[in-house]
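Participant: Take a look at this one; I'll ask things after.
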Amino acid sequence: MSEHPQGATGGGSVARVAEALKALGLQAEIREMADSTRTSAEAAAAIGCSVAQIAKSMVFREVDSDRALIVVASGTNRVSTAKLAALTGKTIGKANADFVREKTGFAIGGVSPVGHANDPVDLLLDEDLFQYDELWAAAGSPFAVFRTTAADLVAATGARVADIKEN
């Protein structure tokens, strides 16, 4: 692990994730990386794990309520919006960068499954993540990650575990 580019860590966002991890009782050390972890492939390369072990947080918009739905998915899985709609009973839309920042407090590429700054969010966890002993999730910046497990994420966040994968 080496030094990150000046100003690239997300500062307050990373600190907010660290505080949330501590408050949730998760013993997870945040690692700040020299290389970007914005995409699952970049994160896996920087960490030295498989792409499937990246717990990517994807933000969707619940159209009627204008709430954020965060899906924490395995880095190799594509998310089915039809399954999300069936699971939530809501119309699901895409979330643009402004919506993501407004609802979570994070920029795209650094959205963490914990430490959201604003409105409460609905959280779904990809059932495929349970096949891995170790996962890596974004920690508030495209250059910061933390190690966790699917069980710890569910226990800490109350996320609903579901089949969200596009077939």
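Participant: Expressed as an acute angle from 0 to 90° and rounded to the nearest 10, what is the orientation of the C-alpha long axis of helix 12-23 relative to the principal long axis of the chain?
Facilitator: 80
Participant: If only Cα atoms are counted, what is the Rg of region 60-145, and what is its Dmax, in Å?
Facilitator: 12.8, 37
Participant: Heavy atoms only, probe 1.4 Å: what % of the accessible area of the chain goes to carbon and sulfur, would you let me know? Write out the running numbers ahead of the final one.
Facilitator: Details: 3760 of 7960 Å².
Accessible surface attributable to carbon and sulfur in the chain totals 47 percent.
Participant: Still on this model: Computed over the Cα atoms, what is the radius of gyration of the chain divided by 2.2 N^0.38 Å, N being its residue count?
Facilitator: Values: Rg = 14.6 Å, N = 167, 2.2 N^0.38 = 15.4 Å.
Cα Rg divided by the expected 2.2 N^0.38 Å: 0.95.
Participant: Starting from the Cα-Cα distance between Asp64 and Ala23, subtract it from 0.36 nm times their residue separation and give me the gain in nm to one decimal. Could you put the intermediate results ahead of the total?
Facilitator: Values: separation 41, 0.36 × 41 = 14.76 nm, distance 3.14 nm.
Between Asp64 and Ala23, full extension yields 11.6 nm more.
Participant: Give me the accessible area per residue for region 13-54, probe 1.4 Å, as a whole number in Å².
Facilitator: Working: 2190 Å² over 42 residues.
With the other protein chains kept in place, region 13-54 gives 52 Å² per residue.
Participant: Cα centroids of region 54-93 and region 113-151: how far apart, whole angstrom?
Facilitator: Here the two parts' Cα centres lie 14 Å apart.
Participant: Among Arg101, Arg147, Arg78, whose mean-square fluctuation peaks in a Gaussian network model of the chain (Cα, cutoff 10 Å)?
Facilitator: It is Arg78.
Participant: Let me ask something else. Of the peptides 41-49, 24-32, how do they stack up when ordered by the mean number of other Cβ atoms within 10 Å, highest first?
Facilitator: On the way: 41-49: 17.1, 24-32: 15.2.
Packing order, densest peptide first, comes out as 41-49, 24-32.
Participant: Placing +1 on the Cβ of each Lys and Arg and -1 on the Cβ of each Asp and Glu in the chain, which of Ala144, Ala46, Val63 has its Cα farthest towards the positive end of the resulting dipole?
Facilitator: Of Ala144, Ala46, Val63, it is Val63.
The values are calculated or read from the model by the stated rules, or taken from the named source; none is laboratory data. Here the structure is a predicted model, which is why all the values come from computation and not from measurement. Cβ: placed from backbone, ideal geometry, glycine included. Neighbour counts: every protein chain shown. Remember, those area values only see protein heavy atoms, side chains included, never the ligands or the DNA or RNA. Shrake-Rupley method; radii C 1.70, N 1.55, O 1.52, S 1.80 Å.
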